[in-house]
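One structure is given here, and the rest of the page talks about it.
The values are calculated or read from the model by the stated rules, or taken from the named source; none is laboratory data. None of these values were measured; they are calculated from a predicted model. So basically every Cβ, Gly included, is an ideal-geometry build from the backbone, and we count neighbours across all protein chains shown.
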Amino acid sequence: MSDRELTALYEEIADCPNCALARTRTQTVPGTGPAPADVMCIGEAPGAREDELGQPFVGPAGRLLDELLGAAGLSRESVYIANIVKCRPPGNRDPGPEEIAACRGYLERQIALVDPKVIVTLGRFSMAAWFPGESIGRIHGRARRVDGRLVMPMYHPAAALHRGDLRPALVADFQKLAELLAQAPGGGPPPEHSGEAGPAAAPAGAAASPAPPQAPLL
């Protein structure tokens, strides 16, 4: 059922006229992976290669993401991967608030269909959907429980390609995923890696109504 619903959602996204990016994209980049999936990685926006192929994380950042998932005992085939914006911003610029808002409903529907135990936000724009006003340098690798799921903010793999000093932190954060999955409802036996979790954050989306008070990150 989820596969059919995802296919229908992808077709809807392909014809989306909701913001100016519809006039400059080659094609939309809705997402890829199984539904349901225990882990959902959410990046920021497609780049040139993604715009060309219609698939997320297929350039150098995608290759690094594959390595990071492998180090955590996961694979691209076992996780769902998407972006908060489904079309490439011209020149790979940052996505604008109105563009993030235009895609918010699509992302929320994807999350409902994929039903992940752990959401990994990659980069500051996807982080802001759950942790508005926070600094990724302060909260990366530290999760909060949100509506029965754990949300873990991490650096974007592209940032680690540009700044090698961020790579150890990114590797360490990914290695916490096994522990987070064990903490999630229906999780398996305790794994080798340790993670951090805490309560309540804002719901998914950008340009949303004011978020409820958040408990401190642990």
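Is it the case that the range 125-134 has a residue that's out of contact with any helix residue (DSSP H, G or I) (no Cβ under 8 Å at 6 or more places or on another chain), of a type in the set (Ser, Thr, Tyr) and part of a helix (DSSP H, G or I)? There is at least one residue in the range 125-134 that is out of contact with any helix residue (DSSP H, G or I) (no Cβ under 8 Å at 6 or more places or on another chain), of a type in the set (Ser, Thr, Tyr) and part of a helix (DSSP H, G or I).
Considering (1) among the small types (Gly, Ala, Ser); (2) at pLDDT 95 or above; (3) surrounded by 14 or more Cβ atoms within 10 Å (Cβ to Cβ), the lone condition that GLY59 does not fulfil carries the number (2).
Taking the range 114-128 as the range and being under 17 Å from VAL29 (Cβ atoms) and in contact with a Ser or Thr (Cβ under 9 Å, 6 or more places away or on another chain) as the test, only VAL114 passes. Take the conditions polar (S, T, N, Q), surrounded by 15 or more Cβ atoms within 10 Å (Cβ to Cβ), more than 17 Å from the chain's Cα centre (by Cα) and at pLDDT 95 or above and apply them to GLN27. Does it pass? Yes, satisfied. Of the residues in the range 140-149, none is within 28 Å of ARG93 (Cβ to Cβ), at pLDDT 95 or above and outside any loop (DSSP other than H, G, I, E, B). Restricting the search to the range 151-180, which residues are assigned to a loop (DSSP other than H, G, I, E, B) and farther than 20 Å from ALA129 by Cα? Once the filter is applied, which keeps residues that are assigned to a loop (DSSP other than H, G, I, E, B) and farther than 20 Å from ALA129 by Cα, the range 151-180 yields ARG163, GLN175, LYS176. Any residue in the range 51-64 that is of a type in the set (D, E, K, R) and touching a strand residue (DSSP E or B) at 6+ places or on another chain (Cβ under 9 Å)? Within the range 51-64, not a single residue is of a type in the set (D, E, K, R) and touching a strand residue (DSSP E or B) at 6+ places or on another chain (Cβ under 9 Å). Looking only at the range 122-142, residues that are more than 17 Å from PRO168 (Cα to Cα), in contact with a strand residue (DSSP E or B) (Cβ under 8 Å, 6 or more places away or on another chain) and surrounded by 20 or more Cβ atoms within 10 Å (Cβ to Cβ) come to 5 in all. Of all residues in the range 35-48, which are in contact with a helix residue (DSSP H, G or I) (Cβ under 8 Å, 6 or more places away or on another chain) and either free of Cβ contacts under 8 Å to residues at least 60 places away in the same chain or over 23 Å from ARG4 (Cα atoms) (or both)? Within the range 35-48, GLY43, GLU44, ALA45, GLY47, ALA48 qualify. Here VAL118 passes the criteria (1) buried (at least 23 other Cβ atoms within 10 Å of the Cβ); (2) over 19 Å from LEU53 (Cβ atoms); (3) touching a Gly at 6+ places or on another chain (Cβ under 6 Å) except the one numbered (3).
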